[in-house]
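S.K.: Below are the structure tokens for one structure; questions will follow.
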Amino acid sequence: MTQADITIVDYGVGNVLSVARAVTQAGGRPNLSSNPAEIAHAERLILPGVGAFGDCIQALRARPGLEMAIRDFAASGRPMLGICVGMQVLFDVGEEFGEHRGLGLIPGRVRAIPAKTTDGAPQKVPHIGWSPLSIPDHRSLGWTDTILAEIQPGGAFYSSIRSQLGQTIRHIASPIPSTVASASPLRSCAAISPAPSSIPKKAVRSG
Amino acid sequence: MSRIRLIARLDVKAPNLIKGIHLEGLRKIGDPNEFARRYYEQGADEILYMDIVASLYQRNSLLDIVERTTRDVFVPITVGGGIRSTEDARAAFRAGADKVAINTAAIHRPELVSEMARSFGSQAMVLSIEAKRHAHAAGWEAFTDNGREHTGRDVVEWAKRGVELGCGEILLTSVDQEGTRAGFDIDLVKAVSTAVPVPVIASGGMGSAEHLIDVVNNGCADAVAMADILHYGRSDLASIRKATANAGIDVRIVE
């Protein structure tokens, strides 16, 4: 496989070095950029992020030409990956610390994870840790047309999120296979039933 | 219920990995990068770096160590010790940190927790609490400066306040147990973990996998930090993980 050039949007937000290292580890050539022309014409694009929705979209919009460059890139149909809040801002609206308008490249709202599961058991939020991924029922092709194509169902991903709908998928470069462990026995302090497995939302645009 | 996380804690006095007892009496152990890489390869769920002398911007500081670590460690890295402002936090993220932990700065100016949460998200804002049992009363007091400075704050109340302010996780270190290998302060961990809706990392006192199982089952810990049990090779993460899974606790299975 030839090395792909991966442009990482550097807008002053996020653990960009960690993302660049992951790209290198996965066999790509990372290029950090805040230059709109470079971003609009990138081969592949990553929009990273560690942050709150409002601050991130504000940081992005504060850089002249950046939002338009990302839109132009998205319209080109070339592959784009949003990570963490960088993925959440691809949606219409985020509800973290107030309501904020996202880029609207993917329809939907990003909402806080409730403090109780659908079964009414308490759960700790943010959800932090390595969790198995499941293929959602509506995807008959599984993940074949996504960045997760080579991942076995049950592969564990680290996520650290307090919002759902927009899924946060981190450390994707080196997913560590795992098997789904059996549910924990009842504990006096634990949520009684495991949280429902979340449905990965398509945050990857394949070209 | 999320899986229980096993976190390798590395206390650093740059350029060395160090270890103390009750957070004092420090001994040099080795090169933190080498140890971090070993723990990643053994299957650590996360790496936690604590700079015990808060030398954030000095030459060969913790941030240089973090930057090197991100080359070959691909699990989340939390950085604490000496972070006093959002600018400091930003520098830590730029060096490759995924989360930052603050203690002293939050005690002096609690609004900093909110400012950081707004800038970086709650999930990246860890409130670090050094807890000491009251000598003549029930409960625990929060300390700063490696357990040396009193704050007058009750640990459980301070943890709740931290969550109101926006922290997304609590790193709870028992100064009494730290470095003793005698097990965690179960009562402390349970008191905090059941009082707050965010995950709590239990730290201080782990001498065996049984201690970990105890603090998860009886202390309601969401994650467990371990240091000298790993540093001195008394056990390794793979064996600890296996023992934990065998005890029926849901952990990531590393193949």
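S.K.: Residues of region B:223-250 being within 20 Å of residue B:172 (Cα to Cα) and within 13 Å of another protein chain (Cβ to nearest Cβ), which ones?
M.R.: Of everything in region B:223-250, those that are within 20 Å of residue B:172 (Cα to Cα) and within 13 Å of another protein chain (Cβ to nearest Cβ) turn out to be B:223, B:224.
S.K.: Right, next: Keeping to region B:117-136, report how many residues are at the interface with another protein chain (Cβ under 10 Å from one of its Cβ atoms) and either modelled with pLDDT under 95 or surrounded by fewer than 19 Cβ atoms within 10 Å (Cβ to Cβ) (or both).
M.R.: The number of residues fulfilling the criteria is 8.
For every residue, the table says whether it meets (1) part of a loop (DSSP other than H, G, I, E, B); (2) within 30 Å of residue A:123 (Cα to Cα).
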residue	(1), (2)
B:17	no, no
B:63	no, no
B:74	yes, yes
B:84	yes, no
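S.K.: Another question, if that's okay. Provide a single number: the residues in region A:1-40 that are more than 19 Å from residue A:157 (Cβ to Cβ), in contact with a Phe, Trp or Tyr (Cβ under 7 Å, 6 or more places away or on another chain) and among the aliphatic types (A, V, I, L, M).
M.R.: Residues in region A:1-40 being more than 19 Å from residue A:157 (Cβ to Cβ), in contact with a Phe, Trp or Tyr (Cβ under 7 Å, 6 or more places away or on another chain) and among the aliphatic types (A, V, I, L, M): 2 in total.
S.K.: Can you name every residue in region B:94-109 that is at pLDDT below 90 and part of a helix (DSSP H, G or I)?
M.R.: Listed by number, the list holds a single entry, B:94.
S.K.: Right, here's the next one. In region B:150-159, what count of residues is obtained for those that are surrounded by 12 or more Cβ atoms within 10 Å (Cβ to Cβ) and either in contact (Cβ under 8 Å) with a residue 24 or more places away in the chain or at positive phi (or both)?
M.R.: Total meeting the criteria: 6.
S.K.: While we're here: Can you tell me which residues in region A:33-59 are within 14 Å of chain B (Cβ to nearest Cβ) and within 20 Å of residue A:76 (Cβ to Cβ)?
M.R.: A:34, A:48
S.K.: Here is a further query. Can you work out which of the residues in region A:6-27 that are buried (at least 19 other Cβ atoms within 10 Å of the Cβ), out of contact with any strand residue (DSSP E or B) (no Cβ under 6 Å at 6 or more places or on another chain) and in a loop (DSSP other than H, G, I, E, B) is farthest from the other protein chains (Cβ to nearest Cβ)?
M.R.: So, considering only residues that are buried (at least 19 other Cβ atoms within 10 Å of the Cβ), out of contact with any strand residue (DSSP E or B) (no Cβ under 6 Å at 6 or more places or on another chain) and in a loop (DSSP other than H, G, I, E, B), the one farthest from the other protein chains (Cβ to nearest Cβ) is A:11.
S.K.: Name, by its number, the condition in (1) on the phi < 0 side of the Ramachandran plot; (2) at pLDDT 95 or above; (3) touching a strand residue (DSSP E or B) at 6+ places or on another chain (Cβ under 8 Å) that does not hold for residue B:254.
M.R.: (2)
S.K.: Of the numbered conditions (1) more than 24 Å from residue B:47 (Cβ to Cβ); (2) out of contact with any helix residue (DSSP H, G or I) (no Cβ under 9 Å at 6 or more places or on another chain); (3) assigned to a strand (DSSP E or B), residue B:138 fails exactly one; give the number of that condition.
M.R.: (3) is the only condition that residue B:138 fails.
S.K.: Name the residue that is nearest to residue B:76 (Cα to Cα), counting only residues in region A:77-92 that are in contact (Cβ under 8 Å) with a residue 24 or more places away in the chain and surrounded by fewer than 20 Cβ atoms within 10 Å (Cβ to Cβ).
M.R.: A:79
S.K.: Across region B:40-51, what is the total count of residues that are buried (at least 16 other Cβ atoms within 10 Å of the Cβ) and either without any contact (Cβ under 8 Å) to a residue 24 or more places away in the chain or in a helix (DSSP H, G or I) (or both)? Give the steps one after another, and end with the answer.
M.R.: Step one: filter region B:40-51 for residues buried (at least 16 other Cβ atoms within 10 Å of the Cβ), giving B:40, B:42-51.
Next, only the ones that are either without any contact (Cβ under 8 Å) to a residue 24 or more places away in the chain or in a helix (DSSP H, G or I) (or both) stay: B:40, B:42.
Counting residues in region B:40-51 that are buried (at least 16 other Cβ atoms within 10 Å of the Cβ) and either without any contact (Cβ under 8 Å) to a residue 24 or more places away in the chain or in a helix (DSSP H, G or I) (or both) gives 2.
S.K.: Take the residues in region B:211-255 that are touching a Gly at 6+ places or on another chain (Cβ under 8 Å) and without any contact (Cβ under 8 Å) to a residue 60 or more places away in the chain; name whichever of them is farthest from residue B:49 (Cα to Cα).
M.R.: B:214
S.K.: Okay, moving on. Restricting attention to region B:160-191, which residues are surrounded by fewer than 24 Cβ atoms within 10 Å (Cβ to Cβ), within 14 Å of chain A (Cβ to nearest Cβ), without any contact (Cβ under 8 Å) to a residue 40 or more places away in the chain and not charged (D, E, K, R)?
M.R.: B:163, B:186
S.K.: Does region B:2-39 hold any residues that are crowded, with 21+ Cβ neighbours inside 10 Å and within 14 Å of chain A (Cβ to nearest Cβ), and which are they?
M.R.: Matches in region B:2-39: B:2, B:3, B:4, B:5, B:6, B:7, B:36, B:39.
S.K.: Kindly state which helices (runs of 4 or more DSSP H) lie completely within region B:151-255 and contain at least 3 residues that are within 21 Å of residue B:2 (Cα to Cα). Walk me through it before giving the result.
M.R.: Values: elements: B:155-165, B:186-193, B:209-217, B:228-231, B:237-246.
Qualifying helices (runs of 4 or more DSSP H): B:155-165, B:186-193, B:209-217, B:237-246.
The values are calculated or read from the model by the stated rules, or taken from the named source; none is laboratory data. What you see is a predicted model, and the numbers here were worked out from it, not measured in a lab. Using ideal geometry, Cβ is built from the backbone for each residue, glycine included, and neighbour counts are taken over all protein chains shown.
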